[in-house]
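The values are calculated or read from the model by the stated rules, or taken from the named source; none is laboratory data. Everything numeric in this text was worked out from a predicted model, so none of it was measured. In this analysis, Cβ positions are derived from the backbone assuming ideal geometry, glycine residues included, and neighbour counts consider all displayed protein chains.
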Amino acid sequence: MPEDTYEVLTEIKYRPAIREQTEEEARRGLLEGEEFMVLEIQAVGMVEVFEGKDSLTIDYLAACNEKALTSPWMKERMSLLSDICEGTVMVLGHHVRTRLFRQLQKREDQELCLYRLSVWCSMGDDGSPRWSIRDQIDPVFEQEDRLVGKRAKEARRLAGKMMGEKAG
């Protein structure tokens with residue numbers, strides 16, 4: 001796997017539903033039937049200056065348990081899920097990019113979490129991990145791109161297929 005291409009952010013603006021907990025708390029929760037978010041990829045659109053002009057930039061942020069950051073399995077999932085988001089939901093035509101850019105320019109902070117794709121884990125009856133894929137599309141994104149829901153469906157399908165492997 002190539003050198004890590006991510007930086008660890010200490011401040012998270014778009015808070016995911018991940019809870020920091022001990023291994024014992026997680027194990028007990030799984031045995032009691034709880035479901036836990038393992039990883040969330042956030043596609044954040046922002047207005048940035050590029051070559052002297054404002055432009056729309058999309059950053060992919062991953063949120064996971066801090067202890068899992070060093071796991072090769074987690075690093076690979078972060079990369080694969082980011083690629084899935086980039087290759088499906090975030091494939092934007094010129095008109096959609098322009099409309100999103102204008103919407104973001106109107107915002108005070110000039111950024112917005114456009115899309116979230118998350119992986120949740122629970123324990124199956126046989127003790128094996130059971131994966132669930134969820135996503136969330138920001139209403140502004142849905143308003144400006146009527147086809148984003150269709151692409152999100154494909155992203156969920158691909159993520160589910162990717163997570164069909166055994167947990168690492």
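I want to confirm something. Restricting to the range 84-123 and keeping residues that are of a type in the set (S, T, N, Q) and in a loop (DSSP other than H, G, I, E, B), which single residue is nearest to the chain's Cα centre (by Cα)?
My answer is Thr88.
Do we find a residue being among the polar types (S, T, N, Q), assigned to a helix (DSSP H, G or I) and at pLDDT below 95 anywhere in the range 66-78?
Checked the range 66-78: at least one residue is among the polar types (S, T, N, Q), assigned to a helix (DSSP H, G or I) and at pLDDT below 95.
Do we have Leu81 as within 20 Å of the chain's Cα centre (by Cα) and within 17 Å of Asp145 (Cβ to Cβ) here?
no
Does any residue in the range 126-137 that is modelled with pLDDT under 85 come within less than 6 Å, Cβ to Cβ, of a residue that is among the hydrophobic types (A, V, I, L, M, F, W, C) and surrounded by 15 or more Cβ atoms within 10 Å (Cβ to Cβ) six or more places away or on a different chain, and which pairs are these?
Cβ pairs passing all conditions: Pro129/Cys121.
Among the residues of the range 80-93, are any loosely packed, with under 14 Cβ neighbours inside 10 Å, of a type in the set (D, E, K, R) and without any contact (Cβ under 8 Å) to a residue 40 or more places away in the chain?
no
Would it be correct to say that Lys53 is loosely packed, with under 15 Cβ neighbours inside 10 Å, more than 11 Å from the chain's Cα centre (by Cα) and farther than 19 Å from Ile137 by Cβ?
Here the answer is yes, as Lys53 does meet what is asked.
Residue-by-condition table, conditions (1) surrounded by fewer than 19 Cβ atoms within 10 Å (Cβ to Cβ); (2) in contact with an Asp or Glu (Cβ under 8 Å, 6 or more places away or on another chain):
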position	(1), (2)
Gln110	yes, no
Leu114	no, yes
Leu117	no, yes
Pro139	yes, no
Gly149	yes, yes
